[in-house]
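Shown next, in structure tokens, is the structure this report addresses.
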Amino acid sequence: MTGPTVPIGAPIPLLTRWGLTPDADLVYRTLATCGSVTAGDLVRSLGLSRGRVDRAIAELHDVPAVSYVISSSVSRDLVWRARPVAAVLQNLRCQRRRSTARGRIAVPLPPAPIDLGPGMRHLPDRGYTNRRLAQLADGARHETLTFNPEMSFDPASLRAGAVADRIATSRGVSMRIIGRLPADPDRLVPYGGESSRSRKSYRELADVPMKLFVIDRQVALFPVDPHDYERGYLEVVQTPLVQSLVETFERHWTAAQDPQENKVTGFALTPREEVMIRLLVHGHTDASAAQEMQISERTVSSTLRSLMDRVGVENRFQLGVALGSLRAAPNPPGMSALVDPSRSEEGNR
């Protein structure tokens with residue numbers, strides 16, 4: 001816990017002048033003058049609902065005007081603290097300059113969601129969606145499910161993902177993610193992520209059907225337009241629809257591949273396999289390798305076929321690459337050195 005950012009009675013600029021909401025201004029003033037507290041403490045001291053406090057904190061965190069720490073290893077509550085006034089104003093000025101340069105109003109008022117009927121609303125843009133995800137992550141108790149069809153991520157999305165990961169980790173929430181990219185535990189580190197400490201499971205799938213977040217199997221978020229996330233997301237709490245999305249995720253989770261399963265650990269060649277591979281790497285044909293080893297040419301072919309099955313490849317070219325990467329055999333001077341020139345058609349089938 002830390003003390004006030006500014007002395008009591010010291011002037012604090014009105015954040016509403018910079019486009020922030022009155023709730024955000026009130027929460028920032030409270031944190032700046034009273035010191036670090038939890039969201040629950042703010043609810044009790046300010047008389048605001050938890051939803052209003054969460055929205056204000058998410059708005060401030062997006063500036064960023066607040067930061068947080070985890071209170072203890074027992075309660076795992078997030079303790080929020082105001083950033084120094086000078087730093088906050090500098091961040092707001094930078095945002096205004098960027099907005100002005102793009103010809104837009106500096107730091108517009110946050111857009112509001114649109115109710116579309118019972119259990120469904122439209123979150124107006126990706127920025128609002130990122131803040132909403134942070135709120136939902138703060139309230140998650142069991143698990144989050146995610147589809148990531150992207151082949152690349154912009155910094156804003158990485159930063160939002162890092163915040164959501166940290167919040168979920170603080171709650172002991174498990175995370176399951178299906179994506180097209182290989183898992184990269186270091187990708188979120190520049191944005192404050194600590195994914196290596198989280199209860200996260202990742203699987204890869206060549207064709208991820210949609211962008212999707214599901215929190216505690218009760219709330220689902222997915223883009224209005226799958227080709228343009230800036231058009232916002234739908235937030236759904238209708239039980240049948242959420243359950244259908246969960247079932248879709250579970251089917252794809254079963255079909256997806258755990259990256260760890262692709263790793264061949266403890267792989268070693270038998271003495272005969274090692275001699276055979278070395279002969280082929282150094283230019284022998286199947287026939288000359290068989291003669292050198294005093295075995296039949298058919299035995300050479302069947303041994304190589306068995307090796308392909310063990311490593312999980314389709315032809316000799318792939319076998320050479322795989323054995324080289326596993327350091328089970330020397331890298332050949334040409335990647336096709338395992339292919340017998342006299343049997344190239346058979347070897348590449």
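The values are calculated or read from the model by the stated rules, or taken from the named source; none is laboratory data. It should be emphasised that the depicted structure is a prediction, and the values quoted were computed from it without experimental measurement. Note that we place each Cβ from the backbone using ideal geometry, even for glycine, and neighbour counts take in every protein chain shown. Note: accessible area is taken over every heavy atom of the protein model, side chains too, but ligands, DNA and RNA are not part of it. Shrake-Rupley method; radii C 1.70, N 1.55, O 1.52, S 1.80 Å.
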Label-point separation, residue 255 to residue 230 (7 Å along Cα→Cβ), nm: 3.2
Solvent-accessible surface ranking, highest first, for 313, 236 at 1.4 angstrom: 313, 236
Inter-probe distance in nm under a simple model that places probes 7 Å from Cα toward Cβ, at residue 244 and residue 180: 2.4
